[in-house]
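As structure tokens, the structure follows; a few thoughts come after it.
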Amino acid sequence: MVGLYKQAQSKIPATISLPSHWVKSYEDFVTKNATSVGQIESALRSLTYLIPGRFHEAELASETLHTSTLLLSLYHTSLLRRHFPSPSPPSPQSRYTTFYAARSRLYSNSAILLQTIQYTELLCEMFFKRRGGEKARWRLVVALELIKAICRTIMFWVTGRRMVIEGSSTGERPLIPEQLQEQTPQDEPPQEIESLSSGGAVSAAAKDDETTVQEERTKEWNMPRTGMKLPVLPTQGGESITDFLSKRVISADDIKVASQLVRKISSYQGQVAEMLWIARPVVYALAMQRLQGSTTGGGKRSYYDWRPWVLGFGMEVAARELGKKAVRERTVGGWRGMTGLEKAELRRRGWGMAWWGMRGAFYDNITKSWIQGFAGRLKGKPLLDIVGGIVEDYGYLWDEYYFSTSTM
């Protein structure tokens, strides 16, 4: 008995070390096959978009696949960033978010939690609706919107009252060796080509490439004072001179410190506008939950009642107009004085307002009939019938789930 106990005790450390060994093996596989892994991720995402599930009974399985792909892609990005160089130059959004993520652990945790919720919120809503019905579903919706609002508020104050810029918490996916080889042409041909070539054909091609490279180098001009080399301008038949020069232009945002890519909101109006924008999904979700709880017959009245939609959309418009007024009054140059990252974020929010046409009473009273008519006209037509079927499948999601049209 004592011998069996000692034997089992000796095997425990090896058993515990197995999961970490598996994780290490998986990380090695991803880093060595980064290109193939990226292609598989893209294929799976495309598959979940084309077959949304939306086969009424299988939407949970389809959304599980979609969510798992997004979370796995997020993990792969963080893993590859530890092994390969970042894109050069990184985008302003990536520079800004990674700067504050490295500077503040609170900001980093909030950004990761926010992105994780955005990836999983629709799947959680499906699960809670199946297990607990409409009441459990709306409690979950309000709770998730409240957590997201808290995360955005933390990000707003940690950055010194700057506009909330949402982006990948792990930054951009780095360039893998294959991509670096495609972007950086090899100046010297392989030395083994001559020995492996048959009949000297490959050897002649290698010598021609080497001659071309040497000719290109002789055309470069060495500046006498600095000793730097000016590259050769593109010849006729290649890329245009405009494209050639545009790749080498440095904008003001490229040389700014990451924290200066977004200005501090100093005016009271601007801060109120940002807090309104942060709070609007919570208010809208609470209004929808309240109406759903006061109805019978499956809560249909909550979808046809215009009050939640008017309240949520009104808050979004008010936040946008207050923000524009603050920019006109407090920013030198107005709109032109804003940074490129701020303009991009405002454009993203502007396009996000279009999704209000797919929510609540506006969708049920106006947009839904248009979509159903469009899908109906495509039926019975070659190829277009497939598009109509996909639209109908997505229509089931838009009818049944809050987060299917949420960009908030």
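The values are calculated or read from the model by the stated rules, or taken from the named source; none is laboratory data. What you see is a predicted model, and the numbers here were worked out from it, not measured in a lab. Here Cβ is always computed from backbone atoms with ideal geometry, including for glycine, and neighbour counts include all displayed protein chains. These area figures cover heavy atoms from the full protein model, side chains too; ligands, DNA and RNA do not enter into them. Shrake-Rupley method; radii C 1.70, N 1.55, O 1.52, S 1.80 Å.
Only one of the listed residues (Thr242, Thr295, Thr235) is modelled with pLDDT of 70 or more and over 27 Å from the mean Cα position of the chain (by Cα). That residue is Thr242. Of all residues in segment 121-135, those that are at negative phi have Cβ atoms under 7 Å from Cβ atoms of residues that are open to solvent by 50 Å² or more (accessible area, probe 1.4 Å) and in a helix (DSSP H, G or I), 6 or more apart or on another chain, in Leu123/Thr64.
Here is a yes/no grid of residues against (1) of a type outside the set (D, E, K, R); (2) part of a helix (DSSP H, G or I); (3) at pLDDT below 80:
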site	(1), (2), (3)
Tyr49	yes, yes, yes
His66	yes, yes, no
Leu71	yes, yes, no
Leu79	yes, yes, no
Ser86	yes, no, yes
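Examine segment 139-154 for a residue that is touching an Asp or Glu at 6+ places or on another chain (Cβ under 8 Å) and either free of Cβ contacts under 8 Å to residues at least 24 places away in the same chain or among the small types (Gly, Ala, Ser) (or both), and state whether such a residue exists. Looking for residues that are touching an Asp or Glu at 6+ places or on another chain (Cβ under 8 Å) and either free of Cβ contacts under 8 Å to residues at least 24 places away in the same chain or among the small types (Gly, Ala, Ser) (or both), one finds at least one in segment 139-154, hence yes. Among the conditions (1) at pLDDT below 90; (2) surrounded by fewer than 16 Cβ atoms within 10 Å (Cβ to Cβ); (3) more than 27 Å from the chain's Cα centre (by Cα); (4) farther than 30 Å from Lys256 by Cβ, the only one that Val332 does not satisfy is (4). Would you say Leu140 is in a helix (DSSP H, G or I) and farther than 30 Å from Arg290 by Cβ? Considered against the rule, which asks whether it is in a helix (DSSP H, G or I) and farther than 30 Å from Arg290 by Cβ, Leu140 comes out as no.
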